[in-house]
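First the structure, in the form of structure tokens, and then the observations on it.
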Amino acid sequence: MKKCQLRSSVLLMVLSFLFSVSWATSLSTSSSGDLISCLQSNSNNVTAISQLIFSPVNASFLPIWQVAVQNTRFLKPSTPRPSVIVTPMEETLIKTCVYCAKKHGYEIRIRSGGHDYEGLSYTADVPFVMLDFTNMRSIDVDVAKRTAWVQAGATLGELYYKISRETDTLYFPAGVCPTVGVGGYMGGGGYGNLLRKYGTAADNVLDARFMDVDGNILDRKSMGEDLFWAIRGGGSSSFGIVLAWKLSLVPVPKKVTVFILNKTLEQGATEIFHKYQYVAPNIDRNLHIRTQVFAEYIGNTTKKTIRIMFEGIYQGTTDTLLPLLYRKFPELGVTREICEEIRMVQSTLVFWGLPSSTPTEILTNRSAIAKLNNKSKSDYTRAPIPIRGLKKIWRKLIQNDESALLMINPFGGRMADFSETAIPYPHRAGVLLQILKTVNFNGQPSDTTPTSLRRIAWLRSLDALMTPYVSNNPREAYSNYNDLDLGVGSTNYQEASVWGERYWKRDNFKKLIRIKAKVDPHNFFRRPQSIPVF
């Protein structure tokens, strides 16, 4: 009897494993032929279109799906994959894809760069078609008009490189990670090293080329100001498909000054960071100082310390920067020796951890930039964290197994000039810092091993520990750092507000829901944490 029970248990374990491995395949292959036939029958060139659509039976299917999965924790057999991948080269195929997906009951996921923190742009628990914009990445820079039209599949690195090939005195105020796709980035607001001087990326969007649920292609004038408002920070893929963005380029000096220095607890890091909270959001808008906080062992000992990396970029020369810091933040100890004057495009390399001498062509090489393997959460502070609070956070970091990182960006400056309802992105006046909290799964085969699960539990406990020190009512979060721990329910406002108000606040979230009901009343464009229709 015991042997029989043992065999049954083993059989159940094997079946469970096989089910988890085959789950993605079962979703992917379920009657995808109807969708493919629809795409082909509605195309004028079946031969050409056959080279742009892929089902799981194609040898290219898995490599195409994997190549832009930027968070490797989703590269596991149990991750649900698309039924069909479509890689359009022009807009007609996108319209056909929307039509066929609606006709045959598929959902759509839209992927530009693949940096979605929860993998929502390329995975789903329902049969779906993935629109991959890798073939639509043209960039047209007009230096005279200080504008650029950028297709959704282009990356920030490609945009920066293209601008730098045309001019050294214009740039775009976006993020520092070169492989982030333009399409989704603008849709969530987008921030970077120029936010204190020029605001978010979405604040600098002038127009868009947009496809609605009926396949109509709209621009700002034809879509109307409400929808144009919604897609700049409200999650554009909730409303339709952004095909391209028209961006306003901003002036930068021919040379900017960057510096990096580290402070440990033994060097007064706690007191320096405490003052940083007062200085960084209020100092000259030309200066942005990002910090990264780690716990690490001291030399070869068994004792840990906290190290804080201060990374500064100043829109000007060293000769102007140093007197400013001597007056406002002498404790930081920035010296001429650690300052470097470089082109703005080179600063993107430095903030991504590369030497400034690295050829800027690397910004266009999507495979040259290391991928991530992590789980993250975000917060905003509206009051300085007291020293006793910082010490609690440091102790928590020291308990971690060196898989944790805090990345902190100061706000203030231009960000405080915008109303929190100017666009859906609401984190404006009064915000001092944005905090990204991350644990990685390096050294683990997946995010479900005992070690990985301990890391996730640690991250959640850090999140709880920081509750008294971050914003409240609501506790704000950044929608581009989507976090399914916040909730996914959307059957009524009370349920959806649990996560929706954290990303967009009440007034903006309610307005987004009203706009969604007008432009996509049947909720075709949906995913976890998309704008709902009630």
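The values are calculated or read from the model by the stated rules, or taken from the named source; none is laboratory data. The structure displayed is predicted, hence computed values, not measured ones. Cβ atoms come from the backbone with ideal geometry, glycine included; neighbour counts cover every protein chain shown. We work out accessible area using only protein heavy atoms, side chains counted, and drop any ligands, DNA or RNA first. Shrake-Rupley method; radii C 1.70, N 1.55, O 1.52, S 1.80 Å.
Summary table
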{"read-out": "Normalised alpha carbon radius of gyration of the range 201-305 [divisor 2.2 N^0.38 Å]", "value": "1.73"}
{"read-out": "Charge-dipole axis of the chain as Lys and Arg at +1 and Asp and Glu at -1 on Cβ define it, positive-most pick from L265, F310, H115", "value": "L265"}
{"read-out": "Between 0 and 90°, nearest 10: helix 32-41 axis offset from the chain longest Cα axis", "value": "90 degrees"}
{"read-out": "Qualifying GluC sites (Glu not before Pro) in the range 315-405, DSSP loop, other Cβ atoms within 10 Å at most 16", "value": "E402"}
{"read-out": "Length gained when the stretch E340-N58 is fully extended (0.36 nm per residue, less Cα-Cα span)", "value": "96.6 nm"}
{"read-out": "Contact order normalised by residue count of the range 396-484, Cα under 8 Å, 6+ apart, percent", "value": "26 percent"}
{"read-out": "Highest to lowest packing among 476-486, 170-180, scored as the average C-beta count within 10 Å", "value": "170-180, 476-486"}
{"read-out": "Cα Rg, Dmax, the range 453-513, angstrom units", "value": "12.7, 39"}
{"read-out": "Top positive-direction residue, dipole computed over the chain with Cβ charges, set V439, W229, T200", "value": "V439"}
{"read-out": "Percentage of interatomic Cα-Cα distances in the range 353-472 larger than 19 Å", "value": "60 percent"}
{"read-out": "About the Cα centre, charge dipole magnitude for the chain (Lys/Arg +1, Asp/Glu -1 at Cβ), debye", "value": "1260 debye"}
{"read-out": "Residue-normalised accessible area of the chain, given per residue in Å² at a 1.4 Å probe", "value": "41 Å²"}
{"read-out": "Rounded percent of accessible protein surface that carbon and sulfur make up, the chain, 1.4 Å probe", "value": "53 percent"}
{"read-out": "Pairwise centroid distance, computed over Cα atoms, of the range 38-65 with the range 106-158, Å", "value": "19 Å"}
{"read-out": "Length released on extending from N442 to K303, taking residue separation times 0.36 nm less the Cα-Cα span", "value": "47.8 nm"}
{"read-out": "Helix 156-166 vs. the chain, principal-axis angle (Cα, 0 to 90°, nearest 10)", "value": "70 degrees"}
{"read-out": "Degrees separating the helix 318-328 axis from the principal Cα axis of the chain, which is the longest one", "value": "70 degrees"}
{"read-out": "Whole-number percent relative contact order across the chain, with pairs defined as alpha carbons under 8 Å at least 6 apart", "value": "14 percent"}
{"read-out": "Within the chain, longest stretch clear of exposed trypsin sites (Lys or Arg not before Pro) (DSSP loop, no more than 11 other Cβ within 10 Å)", "value": "304-534"}
{"read-out": "Cβ charges +1 (Lys, Arg) and -1 (Asp, Glu), total dipole of the range 354-417, debye", "value": "420 debye"}
{"read-out": "Environment charge at V250 (Cβ cut-off 9 Å; Lys +1, Arg +1, Asp -1, Glu -1)", "value": "+2"}
{"read-out": "FRET efficiency, 1/(1 + (r/R0)^6) with R0 51 Å, evaluated for H522 and T449 via beta carbons", "value": "0.80"}
